[in-house]
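Single-structure report; data block below.
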């Protein structure tokens, strides 16, 4: 029996559990989060089979890649969610990115960091999140290439991943800012001047290059302090990490200093700029732009990158 059949079979047996309705209790949130973590681990095992090989892919209209691995992972996740909670709609990046939100709905990114995944970088993630109205209430974020998964309902946990299975979990919490300065997590592919300006205003001692949404997991686990993003992201990129970090004691805010909200079909589920902190007290110290800017990669693709930018990033 394949891993996918085993996981889906166990979910089918548990599908007789009570239907999820709002408001969702803490106990139910924790149970949902554990199930999402199991699903994310199963999807991660699918991705691992394609990682490091010549995975077929194509470019989407926005210039980002979509691969066969993305599709296979999403098919698995959506099938699992539909078996467990057929009444709850799923908004997923590849197949249902324009679906309509409801009071309860799932946001799914089956492979975050596809460009780095195709390049053989192990820092890619699987993101699954349950939203109630406009805020996350249960989530899982798996990093299959690193053998780690973070998840949260009413409490934040991390577990190892062994052969696509969830290991023994442990509680996690974000850390207070170190006295000698902050560790910032920065993107490998999506640098931009506005993000650099925001980070320059903070007491940063190290900029650690990290791909995908696993930045949120590292913040939640107390391994870094800040992640600023001023170039475009989608709601399925951030929702799971946002919730896990918030439950672990951190904070994700937009330009107005308020938490991010989700389910904005009218803006095609796009986020604005945001800053994620392990310590809530640091959030007001960053002045974000009111709207997203173009990343260096986007400017390079459009032929707008200057020689200075090219030299700085070479």
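The values are calculated or read from the model by the stated rules, or taken from the named source; none is laboratory data. Predicted model, so just to flag it, every value in this text is computed and none were measured. Every residue, glycine as well, gets a Cβ built from its backbone with ideal geometry; the counts of neighbours run over all protein chains shown.
Please specify each residue of the stretch 230-280 satisfying the condition of being without any contact (Cβ under 8 Å) to a residue 12 or more places away in the chain and under 28 Å from residue 178 (Cα atoms).
Scanning the stretch 230-280 gives 256, 258.
Suppose the filter is in a strand (DSSP E or B) and not assigned by TED's automatic domain parsing to the domain that holds residue 241; does residue 157 pass it?
yes
Given the structure, is residue 184 in contact with a strand residue (DSSP E or B) (Cβ under 9 Å, 6 or more places away or on another chain), within 24 Å of residue 40 (Cα to Cα) and either in contact (Cβ under 8 Å) with a residue 24 or more places away in the chain or crowded, with 17+ Cβ neighbours inside 10 Å (or both)?
no
Condition check: outside the structural domain of residue 151 (by TED's automatic domain parsing), surrounded by fewer than 19 Cβ atoms within 10 Å (Cβ to Cβ) and in contact with a helix residue (DSSP H, G or I) (Cβ under 8 Å, 6 or more places away or on another chain). Does residue 229 satisfy that? No, not satisfied. The sole residue among 125, 176 that is out of contact with any strand residue (DSSP E or B) (no Cβ under 7 Å at 6 or more places or on another chain) and in contact (Cβ under 8 Å) with a residue 60 or more places away in the chain is 176.
Name every residue in the stretch 5-29 that is assigned to a helix (DSSP H, G or I), buried (at least 17 other Cβ atoms within 10 Å of the Cβ) and at pLDDT 50 or above, in order of residue number.
Correct list: 7, 8, 28, 29.
Just one of the listed residues (305, 240, 258, 220) is in contact with a helix residue (DSSP H, G or I) (Cβ under 7 Å, 6 or more places away or on another chain) and modelled with pLDDT of 90 or more, namely 220.
Out of the residues in the stretch 95-114 that are free of Cβ contacts under 8 Å to residues at least 60 places away in the same chain and buried (at least 20 other Cβ atoms within 10 Å of the Cβ), state the one that is nearest to residue 211 (Cα to Cα). This residue is 114. Looking only at residues in the stretch 177-227 that are in a strand (DSSP E or B) and closer than 18 Å to residue 273 by Cα, the one that is farthest from the chain's Cα centre (by Cα) is 184.
The set of residues from the stretch 49-67 being at pLDDT 85 or above and either under 18 Å from residue 212 (Cα atoms) or not assigned by TED's automatic domain parsing to the domain that holds residue 146 (or both) comprises just one member, 50.
Would a scan of the stretch 72-89 turn up a residue that is in a strand (DSSP E or B) and buried (at least 24 other Cβ atoms within 10 Å of the Cβ)? No, every residue in the stretch 72-89 fails to be in a strand (DSSP E or B) and buried (at least 24 other Cβ atoms within 10 Å of the Cβ).
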